[in-house]
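Just below is one structure, and these are the notes that go with it.
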Amino acid sequence: MNRLKITLSLIIMILTVYSVRVLPLLFLRKNITNRFVRSFFHYVPYVTLAVMTFPAIILATQSVLSGVLALLVGLAAAWLIGDMFLVAILCCATVFISGLFL
Amino acid sequence: MSKNDNAKALPATNAGWFTKGLKDGIPICLGYFAVAFALGIAARDVGLSAVQAFFMSLGMVASAGEFAALQLIGAAAGVIEMISTTVVVNLRYFLMSCSLSQKLDPEMPTTHRFFLAQFVTDEIYALSVMVPGYLCPFYTYGIGICSVSGWCSGTALGVIVGNILPETVVNALSVALYGMFLAIIIPPAKKDRFLLKLVGISMAVSALFTWLPYLSLISSGFRVIILTLLIAGAAAYIHPLSEEELS
């Protein structure tokens, strides 16, 4: 894509994400009551992030093995520690260290 | 001033809330910077300039959202795919905005709602809703300005310095965002067996869609939309939240 097309794409997506955030603040002054809708919204982030993470994480690095190691370390760190910054750093460190040997 | 800034002594003025926000935003700023750096490298790979990457981060303020945006640009996706993917990937902000709207003073001028919207991210939202009583918008502005500055500068620097960094380091940073995603979804799933199964199933189905013939022809953007609608919809049907979970 050329520069202009990228800029136009960014503007479209910036306006879209802003709308997603601002519309509830402007128009929703009451709680959503529908149980299915609320349950659906509750599950959305988990499914979206899981789908975006796997298998992309093992395909992101040059060797699949270091990606698999990063996934395992990331899962363990997220389970045991949970801190976003630390988990991200540990995943990076895993790929870097395994890259020295593979 | 140094004695009374513990959690109990809440600021009485807008300026006080703003200052508290700036301070509380520092850890978020650092975390954002590291992840944004990786995002900048991804942005460079699909052809964004440092300026474009900076304004993408300023405009979207969304980790998964921007990551998906870069994938869409990289795949030269069409406008409809861009809008629908952006909506689905950022749907959790819709939920957070719904929740945040309940924390706002009905007397508060509506202008604040336009500004607050820009700062609805996982971390800024989490700090904002934890405040007792109505939210002072200046608290969110403080957190937001502090952390978003780390987010934007990290992205721009990733584009610029990403070129200079050795391949091994770039390779390593490319998994930072996935680590962050894992840190968002795994801790709640640890406490809820159904969520854990849901995450496992989502990953397995995503793998099928990546590698099986025909299914792999579906672009990554539409894969996220289709699987989110199907799997989260099925989950809501099979396992709707109980009254207490909803409250």
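The values are calculated or read from the model by the stated rules, or taken from the named source; none is laboratory data. No experiment lies behind these values; they were computed from the predicted model shown. Using ideal geometry, Cβ is built from the backbone for each residue, glycine included, and neighbour counts are taken over all protein chains shown. Note: areas computed on protein heavy atoms with side chains; ligands, DNA, RNA excluded. Shrake-Rupley method; radii C 1.70, N 1.55, O 1.52, S 1.80 Å.
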Just the residues that are open to solvent by 60 Å² or more (accessible area, probe 1.4 Å), modelled with pLDDT of 85 or more and not hydroxyl-bearing (S, T, Y), please, taken from region B:17-41.
B:F18, B:L22
Evaluate the following for A:F40: is it open to solvent by 60 Å² or more (accessible area, probe 1.4 Å), touching a Gly at 6+ places or on another chain (Cβ under 9 Å), within 7 Å of another protein chain (Cβ to nearest Cβ) and of a type in the set (F, W, Y)?
no
Out of (1) charged (D, E, K, R); (2) over 19 Å from the mean Cα position of the chain (by Cα); (3) open to solvent by less than 10 Å² (accessible area, probe 1.4 Å), the one B:R44 does not meet is (3)
Picking from B:I164, B:I73, the residue that is of a type in the set (A, V, I, L, M) and either facing chain A (nearest Cβ under 10 Å) or in a helix (DSSP H, G or I) (or both) would be B:I73
Condition check for B:L91: open to solvent by 10 Å² or more (accessible area, probe 1.4 Å), outside the structural domain of B:F222 (by TED's automatic domain parsing) and in contact with a Cys (Cβ under 7 Å, 6 or more places away or on another chain)
no
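One line per residue, one yes/no per condition, for (1) buried (at least 22 other Cβ atoms within 10 Å of the Cβ); (2) facing chain A (nearest Cβ under 9 Å); (3) without any contact (Cβ under 8 Å) to a residue 12 or more places away in the chain:
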residue	(1), (2), (3)
B:Y178	yes, yes, yes
B:A183	yes, yes, yes
B:D192	no, no, yes
B:V205	no, yes, no
B:L212	no, no, yes
B:S219	no, no, no
B:R223	no, yes, no
Collect the residues in region A:68-87 that are more than 7 Å from chain B (Cβ to nearest Cβ) and either hydroxyl-bearing (S, T, Y) or more than 23 Å from B:I231 (Cα to Cα) (or both), keeping them in residue-number order.
A:V68, A:L69, A:L72, A:V73, A:A76, A:A77, A:L80, A:I81, A:L86
Restricting region B:79-95 to residues that are among the polar types (S, T, N, Q) and more than 23 Å from B:L116 (Cβ to Cβ), which is farthest from the chain's Cα centre (by Cα)?
B:S84
Please determine, by comparing only the residues of region B:225-244 that are without any contact (Cβ under 8 Å) to a residue 40 or more places away in the chain and facing chain A (nearest Cβ under 8 Å), which one is most open to solvent (accessible area, probe 1.4 Å).
B:Y237
Residues that are of a type in the set (V, I, T), without any contact (Cβ under 8 Å) to a residue 60 or more places away in the chain and under 18 Å from B:T228 (Cβ atoms): does region B:101-124 have at least one?
no
Selection from region B:89-102 of residues that are hydrophobic (A, V, I, L, M, F, W, C) and modelled with pLDDT under 85
B:V89, B:L91, B:L95, B:M96, B:C98, B:L100
Sort out which residues of region B:56-70 are surrounded by 20 or more Cβ atoms within 10 Å (Cβ to Cβ) and either in a loop (DSSP other than H, G, I, E, B) or among the hydrophobic types (A, V, I, L, M, F, W, C) (or both), and write them in order of number.
B:M56, B:M60, B:V61, B:A62, B:A64, B:F67, B:A68, B:A69, B:L70
Region B:73-88, residues that are buried (at least 21 other Cβ atoms within 10 Å of the Cβ), within 21 Å of A:A50 (Cβ to Cβ) and not polar (S, T, N, Q):
B:V88
